[in-house]
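Presented below is the structure to which this report refers.
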Amino acid sequence: MRAWIYEAYGGPEQLRLAELPVPEPRENELLVQVHAVSLNGSDKEGLTGFPAYARIGGFRRPRRQILGSDIAGVVEAVGAKVTRFKLGDRVFGDNLDRMGGFAEFARAGERAMAPIPDGLGFEDAAALPQGAMIALQGMRKARLRPGSTVLVNGAGGSAGSFAVQLARLGGAEITGVDNAGKADFVRSLGADHFIDYAREDFWRAGKQYDVIFDVFARQKASDYVRALKRGGSYFYVGGPVRRMLALLAASPLTRLTTGRRIRLLMVRPNIRDLLEVADMVRAGVIRPAIGAVFPFDRVPDAMRALVEGTALGKVVVRVV
Ligand SMILES: NC(=O)c1ccc[n+]([C@@H]2O[C@H](COP(=O)([O-])OP(=O)(O)OC[C@H]3O[C@@H](n4cnc5c(N)ncnc54)[C@H](OP(=O)(O)O)[C@@H]3O)[C@@H](O)[C@H]2O)c1
């Protein structure tokens, strides 16, 4: 099979096309013929080796040489203990534990995969798992009410593009923060206001929000506290390890002394949530905001779009 592999941390130039044997599924795994794979911030982090958590199991060299966790495809073979799927089933999911989606075939954990509902194509299915799951679980915890004010930091990326749409569904007033090139795109998802992160620090602007949903924590707790209303919550999902640890440590005292919460969102991928967002897409309530679809031979260009900041929402690679 053809696969895009990388053997050292770095930029998209590290990716090279290789011919590899088709992998054998283990007893609890499926072999999936990958039809489409979407990119996430976690692929960029896996490629560059930053933040440090992206190097777990491979400090000097990548532990897994094939990136790509959000896959959609067809079951080609099943391991001996697989009970939920059979050959020919259309499946999708976040294969973060194994990755391997930048290839024609990938081993996937049975528990990570769900059947693709009728009416959902491979590209849309591949665009959902990680980003939509982060956003769904985050917005659920945020308990929005009509009129809640929400700031989504990183609104034009994978998780952010879903978070804006879900906050809109929750009746919130939304401020999206991202690079200036994504302003119209973020507004098209439902944001009422837009802040260009290169021109303005939202925590200095004097405005306060009920909820801040941040895909990548960069500031200290006191900055976020300044931008939260009393009773408000700041949620973060990624960031440099030192920053994340400092925010974790600051959380209890912050709550006690300021009445604001600093909360790490640990996402728990599960089939029920995945099918819930798929149903929302089928019902036309939200959409996977796919900014670009690349053919398989242009995986490095797809990654470049993410690294260089030109990607709008989801970037999808069509494999078959
Ligand atoms: N906690 C968990 O359980 C869990 C699970 C899975 C993933 N994650 C984490 O989730 C995070 C990824 O989110 P994602 O896939 O949505 O990433 P993404 O698609 O790369 O989107 C990130 C967005 O943030 C924007 N951005 C960059 N710098 C910014 C700044 N200073 N202020 C505001 N926005 C900025 C980016 O714009 P540019 O294009 O200009 O850079 C991009 O639009 C990763 O850190 C990943 O590790 C966490």
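We did not get these values from a lab; they are worked out from the coordinates using the rules stated. Note that the structure is predicted; figures quoted are calculated from it, not measured. Backbone-built Cβ (ideal geometry, glycine too); neighbour counts: all protein chains shown.
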Completion exercise
Placing each pseudo-label 7 Å from Cα in the direction of the beta carbon, R145 and D89 end up separated by a distance in nanometres of 4.3 nm
Practice task
Please report the relative contact order for the range 130-264, taking Cα pairs under 8 Å with a sequence separation of at least 6, and give it as a percent rounded to a whole number.
Solution key: 20 percent
Problem - the range 35-192, Rg to Rh (Cα coordinates; Rh as Kirkwood inverse mean 1/r) - result: 1.02
Handout entry: Nearest-ten-degree value, helix 271-282 long axis tilted from longest Cα axis of the chain
Key = 80 degrees
Exercise for the section: Take the cross-link list K81/K141; K44/K229; K86/K141; K182/K220; K141/K220 and give me the ones stretching past 30 Å between alpha-carbons. Expected result: K81/K141; K44/K229; K86/K141
Exercise for the section: Any chance you could give the angle, 0 to 90 degrees and rounded to 10, that helix 158-169 forms with the longest Cα principal axis of the chain? Expected result: 60 degrees
Handout entry: Within the range 134-153, backbone nitrogen closer than 14 Å to the virtual label 7 Å beyond the Cα of D192 toward Cβ
Key = 145-152
Handout entry: Order of S69, S161, S42, S188 - criterion: other Cβ atoms within 10 Å of each residue's Cβ, fewest first
Key = S188, S42, S69, S161
Completion exercise
For D70, D192, ascending order of other Cβ atoms within 10 Å (fewest first) is D192, D70
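Using Cβ counts within 10 Å as a stand-in for footprinting exposure, how do Y224, Y53 rank, fewest first?
Values: Y224 29, Y53 13.
Going from least to most buried by this count: Y53, Y224.
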Problem - Ellipsoid equivalent to the chain - semi-axes via the Cα gyration tensor, in Å - result: 33, 21, 18
Practice task
Report the full-extension gain for the segment A52 to T310: residue separation times 0.36 nm, less the Cα-Cα distance, to one decimal in nm.
Solution key: 90.4 nm
Practice task
In nm, give the distance between the simple-model label positions of R282 and E13, each being 7 Å from the Cα along the Cα-to-Cβ direction.
Solution key: 4.6 nm
Practice task
Please report, in cubic angstrom per residue, the volume enclosed by the convex hull of the alpha-carbon atoms of the range 225-320.
Solution key: 174 Å³
Fill in the blank from the handout: Dividing the surface of the Cα convex hull of the range 30-112 by four yields a projected area in nm² of 5.3 nm²
Practice task
For n ≥ 4 DSSP H runs only, could you compute -39500 (n - 2.57) per run for the chain, divide by its residues and tell me the 222 nm figure to the nearest 500?
Solution key: -8500 deg cm²/dmol
Practice task
Could you tell me whether the range 143-213 comes out rounded, prolate or oblate from its Cα gyration tensor? Rule is a ≥ b ≥ c as square roots of the eigenvalues, rounded for a/c under 1.5, then prolate if a/b exceeds b/c, otherwise oblate.
Solution key: oblate
Completion exercise
Of the residues A77, G190, V316, the Cα lying farthest along the dipole of the chain towards its positive end, which is defined by charges on the beta carbon of Lys, Arg, Asp and Glu, belongs to G190
Handout entry: Rounded Å value of the spacing that divides the Cα centres of the range 57-77 and the range 163-236
Key = 32 Å
Completion exercise
Convex hull around the C-alpha positions of the range 130-264: the volume in Å³ per residue is 93 Å³
Problem - Among L151, L256, L275, residue whose mean-square fluctuation peaks in a GNM of the chain (springs only between Cα atoms under 10 Å) - result: L256
Practice task
Within the range 1-90, list the GluC sites (Glu not before Pro) lying in a DSSP loop whose Cβ has at most 15 other Cβ atoms in a 10 Å radius.
Solution key: E7, E27
Problem - Whole-Å distance, taken between Cα centres, linking the range 252-273 and the range 79-151 - result: 22 Å
